[in-house]
1. Which ³J(HN,Hα) values, rounded to whole Hz and listed in residue order, are derived for the stretch 348-360 from phi using the Karplus coefficients 6.51, -1.76 and 1.60 in 6.51 cos²θ - 1.76 cosθ + 1.60 with θ = phi - 60°, glycine and proline given as x?
2. Which entry in (1) 20, 40, 23, 13, 4, 0; (2) 26, 50, 23, 1; (3) 27, 50, 18, 5, 0 matches P(r) over Cα pairs in 20 Å bins from 0, in percent derived from the coordinates of this structure?
3. Positive end of the charge dipole of the chain (Lys, Arg +1 and Asp, Glu -1 on Cβ, about the Cα centre): tell me which of F50, L70, N32 has its Cα farthest that way.
4. Can you classify the stretch 38-183 as rounded, prolate or oblate using the Cα gyration tensor, where a ≥ b ≥ c are the square roots of its eigenvalues, rounded means a/c under 1.5, and otherwise it's prolate if a/b beats b/c and oblate if not?
5. Would you list, by chain and number, the lysines whose Cα falls below 30 Å from the Cα of K338, excluding same-chain residues fewer than 8 positions away?
6. So what is the relative contact order of the stretch 1-114, in percent, for Cα pairs below 8 Å that sit 6 or more residues apart?
7. Please compute the length gained on full extension between N135 and N25, using 0.36 nm multiplied by the number of residues separating them and subtracting their Cα-Cα distance.
8. Please compute the contact order of the chain in relative form: average sequence separation of alpha-carbon pairs under 8 Å and at least six residues apart, divided by the residue count, as a percent.
Amino acid sequence: MTSRYRTDRYDRQNWFDAKVTSPLNGGSVTYNDPVSGQPVTIPLVGGEVFAASNQRKNYATDWTDIQPRLGLAFQFIPKTVLRGGYGIYYGQSRSGVTGVVPYGSQGFNQFTDVVTTFNSDGATPYLHLDNPFPNGLIQPAGNSLGLMNDVGFGGNGPLKTPGANQTPYEQSWSLGIERELPSNIVFSAHYIGKKGTHLPFTGSHRRNYLGPWVESLPTEAPDPDNPCQTLTVPCLNSFVPNPFFGVITDPNNALSNQTVQYRRLLVPFPQFTSVSTEPQLIANSIYHGLQLIAEKRYSNGLQFLASCTWSKSIDDSSNADQNITWLGSFDSLQDPNKPFLERSLSTFDIPHVIQLTYSYDLPIGHGPPFLGNMPRWRS
């Protein structure tokens, strides 16, 4: 099973290609390493690609959504039945026509970033409330800029790869026993398990960050006045000559200034201030529960249903994306290089639930013992 992919009548969609060579400055820039003082040339990869008449979809289709189901029931002694089942159930693909609205409209909507300090030096005020955008507002460029769209700003769009559009699914299984008791009462005990796979990992949409190597760096520099004697965290935050100065010239662009923080040159896509894609489909969940149910079918004016559930739910991410954080939970990663650290009890985990519902016909009126001779129209 798969959902038909979403298209736009005028092909106003895009995706982010993480491997394409950027046309900016011939596909590379050179800067002097602040630690060694030696020139370093880095390739520039990544860019926004736009839909066209011969390539209308901006997601790769997932053709592996097979949903088998299996159930069994076996009466091994009178009035006692063993029941069990297993099934796979798929959620909605973000790329489908009926899915949630995804990323993928860059070039056709536009934001203008606020430049808060002069030359992005982090100190000299540049923003004034009477004129917060002294360089004007950026107008949407459509698809006219091609791979140069949003260069120097935030790149955005889904990744058009099979791994980036795997459909979330749940495996569900159960095994239980039912016993019919006197007075039309049925008692059952069931074990229920569920496992979610390829779930959206909220907060994992940011892709332009430093790798795990940064975690081993010293957090303090031996000489605060010269933080780049060795590679340290203060060195990463220090300002160095900007290799994009004169290459990126839009005054609204933080990468058009003469200096830039060194860490910005070490991320995977340095020509973008940020890169956001769909949340990665790498989250998992697991649920185990014991359900005890007693049900009295209607007789003698009484029916009731009593249930008790003892369960535990654990997951990596309880929310699918940032759009539904109002339901609870959070949308940030403590460490994007180690998303597995987020595994914990689900925010909606409720280990004990007891429920009781019943209805009872009062023995009053036409037919019952009390006032049984009352005319029907009065009862």
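1. 9, 5, 10, x, 10, 9, 10, 10, 9, 10, 7, 9, 9
2. It is the value labelled (1).
3. Selected residue: L70.
4. Values: a/c = 3.48, a/b = 2.62, b/c = 1.33.
Judged from the Cα gyration tensor, the stretch 38-183 comes out prolate (a/c at least 1.5, a/b above b/c).
5. Hits, sequence-local ones excluded: K19, K160, K194, K195, K312.
6. On the way: 159 pairs, mean separation 35.4, N = 114.
Across the stretch 1-114, relative contact order equals 31 percent.
7. Details: separation 110, 0.36 × 110 = 39.60 nm, distance 2.38 nm.
This chain segment gains 37.2 nm when fully extended.
8. On the way: 828 pairs, mean separation 61.1, N = 379.
With pairs under 8 Å counted, the relative contact order is 16 percent.
Any read-out appearing in this document is the output of simple, stated calculations on the displayed coordinates, not a laboratory observation. Source: prediction; values computed, not measured. Don't worry about glycine lacking a Cβ; one is built from the backbone with ideal geometry, like all the others, and counts go over all protein chains shown.
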